[in-house]
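See below for the structure under consideration.
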Amino acid sequence: MIHELKILKSFADAIISGEKTFEVRHNDRGFQKGDKVHFKVEDHPEKREDHPISKKLYEITYVLNSWGINEGFVVFSIKEAADDNKENQIQELERS
């Protein structure tokens, strides 16, 4: 499954630099290890920015819930997806 998520520019910059390798999210989507994540930078609701992260696809490598995490939330680790067809997957998301 591919999750399309909005993200603030400061967090997107940290992911691109390799500084940030995790996400904390409300678990309203049932995030699971192996799922993919596509980020779209949106600091202002009326304006989406063009950012290098929007050309990348990330894979969820570990999911943590409970253990000190507020109920209904999840922390998951990510790495850039190695899929050969990730560009096609991103283009398909952008069309929908």
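The values are calculated or read from the model by the stated rules, or taken from the named source; none is laboratory data. Bear in mind that the values here come from a model prediction, so they are computed numbers and not experimental data. Reconstructed Cβ throughout: ideal geometry from the backbone, glycine too, with neighbour counts over all protein chains shown.
Collect the residues in region 9-55 that are of a type in the set (Lys, Arg), out of contact with any helix residue (DSSP H, G or I) (no Cβ under 8 Å at 6 or more places or on another chain) and under 21 Å from residue 74 (Cβ atoms), keeping them in residue-number order. Step through it out loud before you land on a result.
Filtering region 9-55 for residues of a type in the set (Lys, Arg) gives 9, 20, 25, 29, 33, 36, 40, 47-48, 55.
The next check asks that each one be out of contact with any helix residue (DSSP H, G or I) (no Cβ under 8 Å at 6 or more places or on another chain); those that pass are 9, 25, 29, 33, 47-48.
Those that are of a type in the set (Lys, Arg), out of contact with any helix residue (DSSP H, G or I) (no Cβ under 8 Å at 6 or more places or on another chain) and under 21 Å from residue 74 (Cβ atoms): 25, 29, 33.
Given 63, 75, which one is modelled with pLDDT of 95 or more and over 15 Å from residue 1 (Cα atoms)?
Among 63, 75, only 75 is modelled with pLDDT of 95 or more and over 15 Å from residue 1 (Cα atoms).
Taking region 1-29 only, how many residues are small (Gly, Ala, Ser) and exposed (fewer than 12 other Cβ atoms within 10 Å of the Cβ)?
Going through region 1-29, the residues small (Gly, Ala, Ser) turn out to be 10, 12, 14, 17-18.
Add one more test, that the residue is exposed (fewer than 12 other Cβ atoms within 10 Å of the Cβ), and what stays is 10, 17-18.
Residues meeting the conditions: 3.
Would you be able to say whether some residue in region 82-93 is modelled with pLDDT of 80 or more, closer than 14 Å to residue 5 by Cβ, among the hydrophobic types (A, V, I, L, M, F, W, C) and within 15 Å of the chain's Cα centre (by Cα)?
Start the filter on region 82-93 by keeping residues that are modelled with pLDDT of 80 or more, which leaves 82.
After this cut, where a residue has to be closer than 14 Å to residue 5 by Cβ as well, the list is none.
Looking through region 82-93, none of the residues is modelled with pLDDT of 80 or more, closer than 14 Å to residue 5 by Cβ, among the hydrophobic types (A, V, I, L, M, F, W, C) and within 15 Å of the chain's Cα centre (by Cα).
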